Amino acid sequence: QVQLVESGGGLVQPGGSLRLSCAASRSISSIAAWYRQAPGKQRELVATITSSGTTNYADSVKGRFTISRNNAKTTVYLQMNSLKPEDTGVYYCNCYYWGSEYWGQGTQVTVSS
């Protein structure tokens, strides 16, 4: 089993930055991802990173967000720059481990003036 704990969310003004962290209870060598869910909307994929470091992003965040992971593969980060009100939502960390899917509890990001 894997426990995922997100942190780093908060209230930020438009144009600001936040860095989210996802701490895993064990090293995760498989693909990891960040999702988000805005109020009244379905959860959507934001970014993914493979074990080799290949990244992919939703079109809405390309050029503004960067996903990364530490060398031990125990923490996944999401650097969010040039934040917009539409980036508001609960951000979730996700990974697979031995064929099972795991989610964190989420961290709230609110972009508002």
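The values are calculated or read from the model by the stated rules, or taken from the named source; none is laboratory data. This structure is a prediction, so every number in the text was calculated from the model and none was measured. With ideal geometry, Cβ positions are generated from the backbone for all residues, glycine too; neighbour counts draw on all protein chains shown. Keep in mind that these areas ignore ligands, DNA and RNA; they rest on the heavy atoms of the full protein, side chains included. Shrake-Rupley method; radii C 1.70, N 1.55, O 1.52, S 1.80 Å.
Taking θ = phi - 60°, what integer Hz values does the Karplus form 6.51 cos²θ - 1.76 cosθ + 1.60 yield along the stretch 50-66, in sequence order, with x for Gly and Pro?
8, 5, 8, x, 5, 10, 9, 9, 5, 4, 5, 10, 4, x, 10, 10, 9
Tell me, what is the percent relative contact order of the chain, built from C-alpha pairs under 8 Å that lie six or more residues apart? Walk me through the intermediate numbers first.
Numbers: 280 pairs, mean separation 42.2, N = 113.
That works out to 37 percent.
I want the local charge near A23. Using Cβ-Cβ distances under 15 Å, sum +1 for each Lys or Arg and -1 for each Asp or Glu among the other residues. Can you show the working numbers first?
Working: positive: R19, R26, R69, K73; negative: E6.
Summing Lys and Arg as +1 and Asp and Glu as -1 gives +3.
In nm, to one decimal, how far is the modelled label at T50 from the one at S27, with both set 7 Å along Cα→Cβ?
Each label point is offset 7 Å from its Cα along the Cβ direction, giving 2.0 nm.
Suppose we keep just the DSSP beta bridges with both residues in the chain; what percent of those would be antiparallel, to 5?
Numbers: 36 of 39 bridges.
If we restrict to bridges inside the chain, about 90 percent are antiparallel.
Using the heavy atoms of the protein chains and a 1.4 angstrom probe, tell me the accessible area per residue for the stretch 11-113 in square angstrom.
Details: 5440 Å² over 103 residues.
On a per-residue basis, 53 Å².
Net charge within 9 Å of Y77 by Cβ-Cβ distance, Lys/Arg positive one each and Asp/Glu negative one each, not counting Y77 itself? Please list the in-between numbers first.
Details: positive: R19, R69; negative: none.
Value of the local net charge: +2.
Give me the percent of the accessible area of the chain that comes from carbon and sulfur atoms, probe 1.4 Å, all protein chains in place.
Working: 2810 of 5960 Å².
The nonpolar share, carbon plus sulfur, comes to 47 percent.
Taking amide hydrogens as modeled 1.01 Å from N in the peptide plane, which residues meet the under 5 Å criterion relative to K84, leaving out close sequence neighbours?
It is G15, by chain and number.
For the chain, set up a GNM with springs between Cα atoms under 10 Å and report which of S68, S27, S100 has the largest fluctuation.
Ranking S68, S27, S100 by mean-square fluctuation puts S100 first.
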